Amino acid sequence: MENKSIRIAATAGLLCASLTACTAADPVVTTSPAADTVPEPASSSVSTSTADGIPAAALLQPADVGGVRAEPLEQGDFAHVRPLRPCGDERYPSDASRTDAVAVRFAVPGAEQGSTPSVVVQFVGRHEAGGAAEQFKDVGAALDRCPGGLGEGQRKWEVVEEDADSVLVRIGQRFAYADEEPATVNHYAALSRVNDAVVVVADLGWENSDGSESLVRDLMTKAEERAATLG
């Protein structure tokens, strides 16, 4: 399949310039068909595939994110990007076609030593034939229907760029951190359809810091290549 994701050139320094605790081990994950059910470690040893579902090799690897190892997510964590759900808990008709799903996160260091890291979330949902295309349509319709806003407890969803099989969005939220004045924080997420899978990569920043659009673009390119191995 031709890779149609939104592209930019990215330097290696964008990721892990000097993280001493990085490891090259593969992530250990399991999968579940439920829309918001999340993985738990399959075992204490490194696994190259899950028992019956999405292989670990189909996810971003440590080499893609500066040597950082994936960590499984708790159920419900970052549900708004698993996949993109601008209308809140509203389920999509295409959720019923999902056969497996996995969600992990990476604590990606800043470009410079000691700089603020980012929480990067990856979601991969595998669907029956035609289901991923329907899911992509459902998400697009939801982005049109529920742009949101910056009121208390809200998120503002803005499409930055899109094509037939991918979309990049900016997710704004206004809140106060610690004793600081309220401010708008922007995160970025990309969604792409790869064969019968839907892939999300999101940079959710760190505390009250913004995410990186360029990091999401770069990682999505790699995530698509990994997900293409699902066939």
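The values are calculated or read from the model by the stated rules, or taken from the named source; none is laboratory data. Model, not experiment: these values are computed from the prediction. Here the Cβ positions follow ideal geometry from the backbone for every residue, glycine too, while neighbour counts run over all protein chains shown. SASA here: full protein model, heavy atoms, side chains in, ligands and nucleic acids out. Shrake-Rupley method; radii C 1.70, N 1.55, O 1.52, S 1.80 Å.
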(Q) Anything in segment 123-172 that is open to solvent by less than 40 Å² (accessible area, probe 1.4 Å) and modelled with pLDDT under 95? List them, or say none. (A) Gly151
Q: Return yes or no: is Glu207 closer than 24 Å to Ala70 by Cβ, touching a residue at least 12 places away in the same chain (Cβ under 8 Å) and open to solvent by 10 Å² or more (accessible area, probe 1.4 Å)?
A: yes
Q. Which of the residues spanning segment 87-116 are hydroxyl-bearing (Ser, Thr, Tyr) and modelled with pLDDT of 95 or more?
A. Tyr92, Ser94, Ser97, Thr99
Q) Would you say Glu181 is without any contact (Cβ under 8 Å) to a residue 60 or more places away in the chain, open to solvent by 10 Å² or more (accessible area, probe 1.4 Å) and in a loop (DSSP other than H, G, I, E, B)? A) yes
Q) From the residues in segment 184-193 that are open to solvent by 10 Å² or more (accessible area, probe 1.4 Å) and under 14 Å from the mean Cα position of the chain (by Cα), which one is nearest to Gly151 (Cα to Cα)? A) His187
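Every residue, every condition in (1) open to solvent by less than 50 Å² (accessible area, probe 1.4 Å); (2) closer than 26 Å to Asp210 by Cβ, yes or no:
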| position | (1), (2) |
| --- | --- |
| Asp64 | yes, yes |
| Ala70 | yes, yes |
| Arg82 | yes, yes |
| Glu90 | no, no |
| Ala96 | no, no |
| Gly110 | yes, yes |
| Thr116 | no, yes |
Q: Enumerate the pairs (first residue in segment 129-158 and polar (S, T, N, Q); second residue anywhere and open to solvent by 70 Å² or more (accessible area, probe 1.4 Å) and modelled with pLDDT under 95) with beta-carbon separation below 9 Å, excluding pairs fewer than 6 apart on the same chain, so at least 6 apart or on different chains.
A: Gln154/Arg174
